[in-house]
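Comments concern the structure below.
The values are calculated or read from the model by the stated rules, or taken from the named source; none is laboratory data. Since the structure is predicted, the reported quantities are computational estimates derived from the model, not experimental observations. Neighbour counts run over all protein chains shown; Cβ positions are idealised from the backbone, glycine included.
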Amino acid sequence: MAATSITDVRARKTFDGCARTSFEVEVHTESAWARAAPSYSDPRSSGKYEIVHFPETGVQGSVDFVCTVIRERLVGMDACAQSAIDAALREIDGSGDFSRIGGNTAEAVSMTVAKAAAASLAIPLHTYLGGTFATKLPHLMLNIIGGGATMGGEGWRGRGPDLQDHLIIPVGFSSTYEALAAISEVFHVTGELIREADPGFAGGRDEEYCWIPMLDDRTCLDILKTACERVCSRRRFRFRLGLDVGASDLWHADEQAYVYTRAGIKRDKDDQARYVADLIEGYDLFYVEDAFFEDHIELYADQCQQFGKQCLIMGDDFLATNAARLETALSCGAVNAAVVKLNMAGTVSETQRFIELCRQNAIATIAAARTYDSPDDTLADLVVGWGATGYKCGSPAGGEHAAKYNRFIRIEEQLGPAAEFAAYPGAHP
């Protein structure tokens, strides 16, 4: 048998970074083996166009599928035949949206097979996926202040920021380590400024380890801006601000309004467009994600036409890493950037096709982790192998986040002088 022939596929229950039951997959070949764990999707922050992430029997069902029907099908196949592996997963599922075996099951198996193939060939995963030209590192986009759906459930709604993520993007850095060091400094300065603005603040963080103050969104952006200015005074580069509005969580179809619980305001579609435009202009935002409900495509198109030359108009729930959704968005010029999540697409092959479609249309690709992630660093190699423009994740705190950040640092070291940061295809900071 060939060195890359699959000899065994296993799975076991484990825990993710938020103390929730998850699972991991092992794939063995004739010459090597690999292990990886999926991102665990937060149902409170999932879009209607995503695949179904778990079978009806949950995590145990994922483990059972891997250890039985998936194992039986994949043993004997070539781990390097990624498209065939991913097609087999689709065929085993048979539903079209992975509702039988679960998208997280497919994600874990698909990326572990890729990892095992790379190990069998004794090359890094990013090189296996992208070849010798996989030398581009992503720009980092990290959440510092949380809000909205990530705050911990309905009991917190209205007590903190209405918008989901308040981000910073470093510009002009010379290395991944330098960028992360500055981001970490901003994170800690932000915590100090929140304590000054909110005497009752006890250091609370959300499930992405971002600060969750009992403050409104504009105050949070003001604090972030001040923190960035303080850190930049001691550094050679600057920061831009960004927002993940999480608008699908704000939209109430029964009221035909975006409901801002803390602010006590209901905005119709036109009001929402004006509000987001005011934030972009007032804070010179470079990144705006999911500013509208995923079916309000005309609002995305208007926003992209107005701000697309100066700001990344992002689709996450709006696009769901789905090529058909992207084609629809492209037909009316609704986005100039796309969030890329492997567990929205389900397999490495489908994610790669989505990224290629973005690249062909000069759409920036921002790879991202999910809220309930595991301390697995595989995603970092995937991001570099795909040549993604950027990488968005939670705060610098949290072991599951640090695993990826530290892997980026190691990859940069391995690449040596060939390493460079990805170019923005359109709007750039």
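So, in the range 244-276, how many residues would count as being within 18 Å of Asp165 (Cβ to Cβ) and either touching a Leu at 6+ places or on another chain (Cβ under 6 Å) or not hydrophobic (A, V, I, L, M, F, W, C) (or both)? Walk me through it before giving the result.
Looking only at the range 244-276, we keep the residues that are within 18 Å of Asp165 (Cβ to Cβ), and these are 244-251, 258, 260-263, 272, 275-276.
From what is left, the residues that are either touching a Leu at 6+ places or on another chain (Cβ under 6 Å) or not hydrophobic (A, V, I, L, M, F, W, C) (or both) are 244-246, 248-249, 258, 260-262, 272, 275.
Qualifying residue count, the range 244-276: 11.
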Sole residue being at pLDDT 95 or above, of a type in the set (A, V, I, L, M) and not in a helix (DSSP H, G or I), chosen from Ala397, Ala427, Ala362, Ala380: Ala362
Residue satisfying all of: in the range 281-299; touching a strand residue (DSSP E or B) at 6+ places or on another chain (Cβ under 7 Å) and buried (at least 20 other Cβ atoms within 10 Å of the Cβ); nearest to Cys220 (Cα to Cα) among these: Leu285
Phe98 vs. criteria farther than 16 Å from Glu26 by Cα and of a type in the set (Phe, Trp, Tyr): yes
Among residues of the range 117-154, those that are surrounded by 24 or more Cβ atoms within 10 Å (Cβ to Cβ), among the hydroxyl-bearing types (Ser, Thr, Tyr) and within 19 Å of Arg407 (Cα to Cα), counted: 0
Those residues of the range 264-294 which are basic (Lys, Arg) and over 15 Å from Asp249 (Cα atoms), in sequence order: Arg274
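Being acidic (Asp, Glu), closer than 28 Å to Lys48 by Cβ and part of a helix (DSSP H, G or I) narrows it down to one residue among Glu350, Glu412; which is it?
The conditions single out Glu350.
Quick one: would you say Val66 is part of a helix (DSSP H, G or I), touching a residue at least 40 places away in the same chain (Cβ under 8 Å) and β-branched (Val, Ile, Thr)?
On the way: part of a helix (DSSP H, G or I): yes; touching a residue at least 40 places away in the same chain (Cβ under 8 Å): yes; β-branched (Val, Ile, Thr): yes.
Against the criterion (part of a helix (DSSP H, G or I), touching a residue at least 40 places away in the same chain (Cβ under 8 Å) and β-branched (Val, Ile, Thr)), Val66 qualifies.
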Test set (1) closer than 26 Å to Glu185 by Cα; (2) at pLDDT 95 or above; (3) of a type in the set (A, V, I, L, M) - Ala403 fails condition number: (2)
Residue that is of a type in the set (Lys, Arg) and touching a helix residue (DSSP H, G or I) at 6+ places or on another chain (Cβ under 8 Å), where the choices are Arg230, Arg240: Arg230
One residue from Leu215, Leu221 being in the same structural domain as Ser374 (by TED's automatic domain parsing), in a helix (DSSP H, G or I) and closer than 26 Å to Tyr372 by Cα: Leu221
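For the range 103-150, how many residues are basic (Lys, Arg) and either in the same structural domain as Ile169 (by TED's automatic domain parsing) or on the phi > 0 side of the Ramachandran plot (or both)? Give the steps one after another, and end with the answer.
Initial filter on the range 103-150 (basic (Lys, Arg)): 115, 136.
From what's left, either in the same structural domain as Ile169 (by TED's automatic domain parsing) or on the phi > 0 side of the Ramachandran plot (or both): 136.
So the answer is 1.
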Which listed residue, of Ala397, Ala345, Ala418, Ala367, is touching a Leu at 6+ places or on another chain (Cβ under 9 Å) and either crowded, with 19+ Cβ neighbours inside 10 Å or in contact (Cβ under 8 Å) with a residue 60 or more places away in the chain (or both): Ala367
Cβ-Cβ under 8 Å pairs, at least 6 apart or on other chains, the range 187-207 side in the same structural domain as Gly147 (by TED's automatic domain parsing), far side in a loop (DSSP other than H, G, I, E, B) and β-branched (Val, Ile, Thr): Gly204/Ile212; Arg205/Ile212; Asp206/Ile212; Glu207/Thr371
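What residue, among those in the range 59-116 that are among the acidic types (Asp, Glu) and surrounded by fewer than 16 Cβ atoms within 10 Å (Cβ to Cβ), is nearest to Lys341 (Cα to Cα)? Break it down stepwise before answering.
First, the residues of the range 59-116 that are among the acidic types (Asp, Glu): 64, 72, 78, 86, 91, 93, 97, 107.
Right, trim to surrounded by fewer than 16 Cβ atoms within 10 Å (Cβ to Cβ) and you get 72, 91, 97.
Details: Glu72: 28, Glu91: 21, Asp97: 15 Å.
Filtering the range 59-116 for residues that are among the acidic types (Asp, Glu) and surrounded by fewer than 16 Cβ atoms within 10 Å (Cβ to Cβ), the one nearest to Lys341 (Cα to Cα) comes out as Asp97.
Please specify each residue of the range 248-278 satisfying the condition of being of a type in the set (A, V, I, L, M), crowded, with 20+ Cβ neighbours inside 10 Å and free of Cβ contacts under 8 Å to residues at least 60 places away in the same chain.
Filtering the range 248-278 for residues of a type in the set (A, V, I, L, M) gives 250, 253, 257, 259, 263, 265, 273, 276-277.
This time we only want the ones that are crowded, with 20+ Cβ neighbours inside 10 Å, so: 250, 273, 276.
Listed by number, the residues that qualify are Ala273, Val276.
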Given (1) in a loop (DSSP other than H, G, I, E, B); (2) crowded, with 21+ Cβ neighbours inside 10 Å; (3) modelled with pLDDT of 95 or more, number of the condition Ile313 does not satisfy: (1)
Residue within the range 332-342 that is within 30 Å of Gln414 (Cβ to Cβ) and in a helix (DSSP H, G or I) present: yes
Residue match in the range 298-321 (condition: over 21 Å from the mean Cα position of the chain (by Cα), polar (S, T, N, Q) and under 30 Å from Ala181 (Cα atoms)): yes
